[in-house]
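Take a look at the structure below.
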Amino acid sequence: MTAAIRIAQLHKRYGAVQALDGVDLEIQQGEFFGLLGPNGAGKTTLISVLAGLARADSGSAQIMGYDVVRDYRQARRAVGVVPQELVFDPFFNVREMLVFQSGYFGIRDNGDWIDELLHHLDLTAKADTNMRRLSGGMKRRVLVAQALVHKPPVIVLDEPTAGVDVELRHALWRFVRRLNTDGHTIVLTTHYLEEAEGLCGRIAMLKQGRVVALDTTQNLLARFSGSYVRLKLVAGDLPPGLRTRETAADSEGRHTLQLHDYADLERVMQELRNSGLKVQEMELLQPDLEEVFMKLTGSQSAQHAAAGVHDER
Amino acid sequence: MNAERVSGRPLATPGQEAPFDPTRAVSAPSGFPMLLYKEWLRFWKVSVQTVLAPVLTALMYLLVFGYTLQGRLEPLPGIGYTSFLVPGLAMMSVLQNSFANSSSSLMQSKMQGSIVFVLLPPISHREFLAAYVLAAMARGFVVGLAVVIAAVWFVHLEVRHPLWVLAFGLLGSAVMATLGVIAGILSEKIDQISAIQNFVILPLTFLSGVFYSVHSLPATWQFATHFNPMFYMIDGFRYGFFGVSDVGPWISAGFVAVSVAALSLGALWMLASGYKLRH
Ligand SMILES: Nc1ncnc2c1ncn2[C@@H]1O[C@H](COP(=O)(O)OP(=O)(O)OP(=O)(O)O)[C@@H](O)[C@H]1O
Ligand SMILES: [Mg+2]
């Protein structure tokens, strides 16, 4: 099957900034893909090249097998992009915007689908409201609807939940998930790492225009991040055999110990029993994407800090 | 949002009810009519500013200059000054408004970022240019027509060669609309558009023979005027009304048509290369 997105050796420079520095990426049809990275990593630039809003200096990008420069009409028909910037046309109302956008894709009589989009994005009541009179979160939802008017097989969302309240965020994710189950390929950037963790099957992490990690979400979590147990003893101090595992201790007497796997938990308990210590409270800490993210993309100091946690075993 | 209550209709999905069909992608209806319609609506919705205001301005010129100078000047033999003025003023309005429409539309959507809505769809460069140019010409046409219709109430006017009037009206507005597209793409600030309007277009129109016949000018100025492209547009347009002109209509028409072609090629090249629009 043709890849939904295929990117090869993409380079893009803005003045002195190397925004994309040799990106290779292949996203299969039907994937829910996360594009993560700190501010300025090049996520939006990558999306802009895909959407034809920016020209790469070298390298190639294809959507559903169509080159974004040479076969731009086919490529653009295959993709729907929700831009990061909150842009709108103050001359028109919500429904007009959607009718225009449909028309730009050569689609007339798109009323039923527009109604459905308005309904899913909770915009029905605002259909006849001028864009200027919408709140930021509502404008964001209109951008989502505009990206979907032509039912594109590939949907790219550049921080679609920025400025959207919690309830609508969850509803938006239900909607996008449903689009994904229906077969649409989803590419998402977000700074809410729990979102990416919960939604994305695969994740690429970008840093300074390079892909620094590319794997399934599960593998990333397993590879870069360990589990921890946080416990508080009824009395006494940690036995020496456990000190090497300790990564943090707080003023309340809670110790955080690293576990390499779940069998490790049994070893920790054994050690405590051997020393005759009793546990007052205990909590298992799961790996999270934030940690992976910090390790892979964080600043030097953050990297050292993160590395330090694990080296002091 | 009501994602739970989604209807059963599947969205377009690979291998489902409406699979993505690449052949459809090329043969699908074009986005051009909608872009043209949207550009038309954009000025029509605010027609008080975009149509009524320029018509009023032209009528003011007509009243002030026409009535004060009527009888004192006779630029063309047997034609009263006020009558002489009408075609020039109408054409001036056509030219200025055609330029203003395409340049300000592109500029504004660049500033607001809403330009992405027309850059994301599969609209070809030619369709893109044609939509902006035709909408701008439509505004020029509406304004020009309104000026002539309004003027007929005050002034006796006959039209000798209506086809020449139409031809020069359309060609002239095409030149300025295309120039407006180029200016809209090139400019990074509204100020730059106003600068072009105030320091290039306004002087060129005023010095093109709207208010006088070039024969009333000293020889050097007469010579210089022949390098002003607007002169040919206005001269040819006026020929359509009175059957008299400084330069033959075919020469003027040829000159203006070549300008349209050259500017269009330039604009198309800019659009195809993504210059200033696709970074
Ligand atoms: N139009 C532009 N002109 C000049 N520099 C640009 C332009 N667009 C992006 N850049 C630069 O390219 C780099 C990558 O920017 P980009 O917007 O792709 O980052 P991002 O990963 O999307 O960041 P964020 O998370 O903040 O959205 C940045 O250093 C940015 O300053
Ligand atoms: Mg970005």
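Of the residues that make up segment A:41-49, is at least one within 16 Å of ligand 1 (Cβ to nearest atom) and not in a helix (DSSP H, G or I)? So that I can check it myself, show each step before the final result.
In the first step, residues of segment A:41-49 are kept if they are within 16 Å of ligand 1 (Cβ to nearest atom); the result is A:41-49.
Within this subset, residues satisfying the condition of being not in a helix (DSSP H, G or I) are A:41-42.
Yes: one or more hits.
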Within segment A:53-75, how many residues turn out to be assigned to a loop (DSSP other than H, G, I, E, B), more than 8 Å from chain B (Cβ to nearest Cβ) and surrounded by fewer than 20 Cβ atoms within 10 Å (Cβ to Cβ)? 3
Checked B:Val214, B:Val143 against criteria (without any contact (Cβ under 8 Å) to a residue 60 or more places away in the chain, open to solvent by less than 60 Å² (accessible area, probe 1.4 Å) and of a type in the set (A, V, I, L, M)); the one match is B:Val214
Taking segment A:206-238 and keeping only residues that are surrounded by fewer than 15 Cβ atoms within 10 Å (Cβ to Cβ) and outside any strand (DSSP E or B), one is left with A:Gln218, A:Asn219, A:Arg223, A:Val234, A:Ala235, A:Gly236, A:Asp237
Matching residues in segment A:145-181 - criterion: being touching a Lys or Arg at 6+ places or on another chain (Cβ under 8 Å) and at positive phi: A:Gly163
Selection count where residues are at the interface with another protein chain (Cβ under 7 Å from one of its Cβ atoms), within 19 Å of A:Ala127 (Cα to Cα) and in contact (Cβ under 8 Å) with a residue 12 or more places away in the chain, scope segment A:92-108: 1
Run down B:Gly80, B:Gly66, B:Gly71, B:Gly140 and say which single residue is under 21 Å from B:Leu202 (Cβ atoms), modelled with pLDDT under 95 and not charged (D, E, K, R). B:Gly66
Among the residues of segment B:154-169, which ones are in a helix (DSSP H, G or I), crowded, with 16+ Cβ neighbours inside 10 Å and either touching a Cys at 6+ places or on another chain (Cβ under 8 Å) or of a type in the set (A, V, I, L, M, F, W, C) (or both)? B:Trp164, B:Val165, B:Ala167, B:Phe168
Any idea which of B:Leu171, B:Leu145, B:Leu129 is of a type in the set (A, V, I, L, M, F, W, C), under 30 Å from A:Ile107 (Cβ atoms) and within 15 Å of the chain's Cα centre (by Cα)? B:Leu129
Count, please, the residues in segment A:8-38 that happen to be under 19 Å from A:Leu53 (Cβ atoms), part of a loop (DSSP other than H, G, I, E, B) and either open to solvent by 20 Å² or more (accessible area, probe 1.4 Å) or away from ligand 1 (no atom under 12 Å from the Cβ) (or both). 1
Qualifying residues in segment A:239-291 (those that are in a strand (DSSP E or B) and of a type in the set (Asp, Glu)) - the one least open to solvent (accessible area, probe 1.4 Å): A:Glu246
Assigned to a strand (DSSP E or B), more than 16 Å from ligand 2 (Cβ to nearest atom) and open to solvent by less than 50 Å² (accessible area, probe 1.4 Å) - does that describe any residue in segment A:76-87? yes
Pairs only if they're at least six apart or on different chains, beta carbon under 7 angstrom, first in segment A:150-175 and assigned to a helix (DSSP H, G or I), second within 16 Å of ligand 2 (Cβ to nearest atom) and of a type in the set (S, T, N, Q); list them, first residue then second. A:Arg169/A:Thr161; A:Leu172/A:Thr161
Do we find a residue being charged (D, E, K, R), under 20 Å from the mean Cα position of the chain (by Cα) and not in a loop (DSSP other than H, G, I, E, B) anywhere in segment A:120-129? no
Output for segment B:231-252, where each listed residue is open to solvent by 10 Å² or more (accessible area, probe 1.4 Å), in a helix (DSSP H, G or I) and either under 30 Å from A:Val69 (Cβ atoms) or touching a residue at least 40 places away in the same chain (Cβ under 8 Å) (or both): B:Phe237, B:Arg238, B:Tyr239, B:Phe242, B:Pro249
Among the residues of segment A:3-44, write down those that are out of contact with any helix residue (DSSP H, G or I) (no Cβ under 7 Å at 6 or more places or on another chain), within 14 Å of chain B (Cβ to nearest Cβ) and within 16 Å of ligand 2 (Cβ to nearest atom). A:Tyr14, A:Val17, A:Gly42, A:Thr44
For segment A:98-129, which residues satisfy the criterion of being open to solvent by 10 Å² or more (accessible area, probe 1.4 Å) and aliphatic (A, V, I, L, M)? A:Val99, A:Ile107, A:Ala125
The one condition B:Leu59 fails out of (1) open to solvent by less than 70 Å² (accessible area, probe 1.4 Å); (2) in contact (Cβ under 8 Å) with a residue 40 or more places away in the chain; (3) closer than 17 Å to B:Phe141 by Cβ is (3)
Report whether or not A:Ser60 is more than 14 Å from A:Ala204 (Cβ to Cβ), more than 14 Å from ligand 2 (Cβ to nearest atom), assigned by TED's automatic domain parsing to the domain that holds A:Leu214 and small (Gly, Ala, Ser). yes
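The values are calculated or read from the model by the stated rules, or taken from the named source; none is laboratory data. Because the structure is predicted, anything quoted here is derived from the model rather than measured. As a convention, Cβ positions derive from the backbone with ideal geometry for all residues, glycine included, and neighbour counts pool all protein chains shown. What goes into the accessible areas is simple: the full protein's heavy atoms, side chains included, and nothing from ligands, DNA or RNA. Shrake-Rupley method; radii C 1.70, N 1.55, O 1.52, S 1.80 Å.
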